[in-house]
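The next block holds one structure in the form of structure tokens; read it before the comments.
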Amino acid sequence: MVQKLAAIRGMEDLLPDASPLWQKLEDACRAVFEQYGYRYMRTPIVEPTALFVRGLGEVTDIVEKEMYVFDDRNGESLALRPEATAGIVRSAIEHNFLYNGPQRVWTAGPMYRYERPQKGRQREFHQYDVEALGFEGPDVDAEQIVMLARLWKKLGLQGIELQVNSIGDAPDRKEHRGKLIEYFERHAALLDEDAKRRLHTNPLRILDSKNPAMQEMIEGAPRLLDHLGDGARQHFEKLCQLLDASHVAYRVNPRLVRGMDYYNRTVFEFVAGNIGAQSTVAGGGRYDGLFEQLGGKPTPACGFGMGIERMLLVLEASNITASDELDAFVVYAGDGAQQVAWQHAERLRDLGLRVMMGAGGSFKSQMKKADGSGARYALIVGEDEVKAQRVTLKPLRGGGSQETLEVNEVLRRLKQTIQES
């Protein structure tokens, strides 16, 4: 007996019944991003490993423990992308597409990280990634945050908290790094193994630890937000002013950091309280040094990623639904009925309606399929209808009686019903 094959652990199928909500989110994202002038682009799923080592940082969890890395047949080290920003910046440098000025772009697709699968965190996950390349001021930081707030409103979501922080510029972080190391060394007995490993390589990431036993100690650590340089401080103050003017509620979280080394100044996260531990649904910030790290000219930039699977959990927890129900199911029986039924189905589709055809079988079996399809109406074409050049319209949902009508009247009624729904 041939052994059954299954999907790889942490990589899930999207089945048809689950796709309408996914598509609802996709449609909303595309509409909102385009309102703000962001244009779609794509980059490869596979990139040189060096892109992420240089871009994300050698001592980040992603690079050290989570990337899918392999050698191709020429011995080149390649990686499945764990995030999208580095690839977009690589593309901008390679194709020089900022030659005529700054660009607003977005992309979407699968990312890969070797993590322990759990609710809201899979090894293959999907993200929207939005980037503003070549923009220096805090206004574009605020724009992306306000854009996300508009997306939540369009989707009908409430209760998603915005947290903002500034991690300053490189000199600010260098000074803060020394203070953090000194502080954590004084409390070395409270550090877990992960924190000890990071102490002298990336102490800022210790602030992001979720270990309950370390939270009180972390709360007492020096705050970078209190010691920003003039440029970073003014940038953050202006960001907060713009958010206030836009009536977007936020909480300043001085412990907020991001998992990639390329961030500077603004960092932000939107956090949902109704989906469990993996509660960050969107996050990002400014990364003004990444272009230089990847061999390009100094270029300011800001962007964010939004997890699709986590957003779907938020939509489900908020009782937001979507449907891909059919408008009509066409049933036929008898000599000459199939060809006429095909013609009627195509005319309905010309009007923009979603129509399925019965794929043969008895009249009874087709009607059973029509009932199970979720369609609003069945259009019945039999020998009598063909001779009379009429169609029988049978409501399948919400009551109503069956009628035999002229074809044009059926088309008119269905179009009106769908427009009113």
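The values are calculated or read from the model by the stated rules, or taken from the named source; none is laboratory data. This is a predicted model, so every value here is computed, not measured. Neighbour counts are summed over all protein chains in view; Cβ atoms, including those assigned to glycine, are modelled from backbone coordinates with ideal geometry.
In the range 36-52, which residues are buried (at least 19 other Cβ atoms within 10 Å of the Cβ) and of a type in the set (A, V, I, L, M, F, W, C)?
Listed by number, the list holds a single entry, Phe52.
I'd like the residue in the range 1-59 that is β-branched (Val, Ile, Thr) and not in a helix (DSSP H, G or I) and, out of all such residues, is farthest from Phe97 (Cα to Cα).
This residue is Val2.
Does any residue of the range 262-285 turn out to be in contact with a strand residue (DSSP E or B) (Cβ under 6 Å, 6 or more places away or on another chain) and of a type in the set (Asp, Glu)?
Yes: one or more hits.
Tell me, which residue of the range 334-360 that is over 16 Å from Val407 (Cα atoms) and assigned to a strand (DSSP E or B) is farthest from the chain's Cα centre (by Cα)?
Here the answer is Met357.
Would the range 53-63 turn up any residue that is of a type in the set (Ser, Thr, Tyr) and surrounded by fewer than 19 Cβ atoms within 10 Å (Cβ to Cβ)?
No; the residues of the range 53-63 include none that is of a type in the set (Ser, Thr, Tyr) and surrounded by fewer than 19 Cβ atoms within 10 Å (Cβ to Cβ).
Here's the yes/no breakdown for (1) farther than 17 Å from Asp288 by Cβ; (2) out of contact with any His (no Cβ under 8 Å at 6 or more places or on another chain); (3) among the hydrophobic types (A, V, I, L, M, F, W, C); (4) crowded, with 22+ Cβ neighbours inside 10 Å:
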site: Gln103; (1), (2), (3), (4): no, yes, no, no
site: Glu115; (1), (2), (3), (4): yes, yes, no, no
site: Arg121; (1), (2), (3), (4): yes, yes, no, no
site: Asp129; (1), (2), (3), (4): yes, yes, no, yes
site: Ala132; (1), (2), (3), (4): no, yes, yes, yes
site: Glu136; (1), (2), (3), (4): no, yes, no, no
site: Ala142; (1), (2), (3), (4): no, yes, yes, yes
site: Ile145; (1), (2), (3), (4): yes, yes, yes, yes
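Whether any residue in the range 212-223 is at pLDDT 85 or above and either of a type in the set (Val, Ile, Thr) or over 19 Å from Glu182 (Cα atoms) (or both) is what I want to check.
yes
When you scan the range 393-406, do you find a residue that is more than 30 Å from Phe125 (Cβ to Cβ) and in a helix (DSSP H, G or I), even just one?
No, there is no match, as no residue in the range 393-406 is more than 30 Å from Phe125 (Cβ to Cβ) and in a helix (DSSP H, G or I).
So if I check each of Leu162, Leu199, Leu151, Leu190, which one is surrounded by fewer than 19 Cβ atoms within 10 Å (Cβ to Cβ) and either in the same structural domain as Thr60 (by TED's automatic domain parsing) or free of Cβ contacts under 8 Å to residues at least 24 places away in the same chain (or both)?
Criteria check complete, one pass: Leu199.
Among (1) at pLDDT below 85; (2) closer than 21 Å to Asp17 by Cβ; (3) over 35 Å from the mean Cα position of the chain (by Cα), where does Lys368 come up short?
With (1) at pLDDT below 85; (2) closer than 21 Å to Asp17 by Cβ; (3) over 35 Å from the mean Cα position of the chain (by Cα) applied to Lys368, the lone miss is (1).
Being of a type outside the set (A, V, I, L, M) and surrounded by 24 or more Cβ atoms within 10 Å (Cβ to Cβ) is the filter here, so list the residues in the range 283-303 that pass it.
Those that are of a type outside the set (A, V, I, L, M) and surrounded by 24 or more Cβ atoms within 10 Å (Cβ to Cβ): Gly284, Gly285, Arg286, Tyr287, Cys302, Gly303.
Looking at Asp261, is it surrounded by fewer than 17 Cβ atoms within 10 Å (Cβ to Cβ) and either in the same structural domain as Val164 (by TED's automatic domain parsing) or in contact with a Lys or Arg (Cβ under 7 Å, 6 or more places away or on another chain) (or both)?
no
Out of the residues in the range 339-349 that are farther than 18 Å from Arg413 by Cα and without any contact (Cβ under 8 Å) to a residue 24 or more places away in the chain, state the one that is surrounded by the most Cβ atoms within 10 Å (Cβ to Cβ).
Out of the qualifying residues, it is Trp342.
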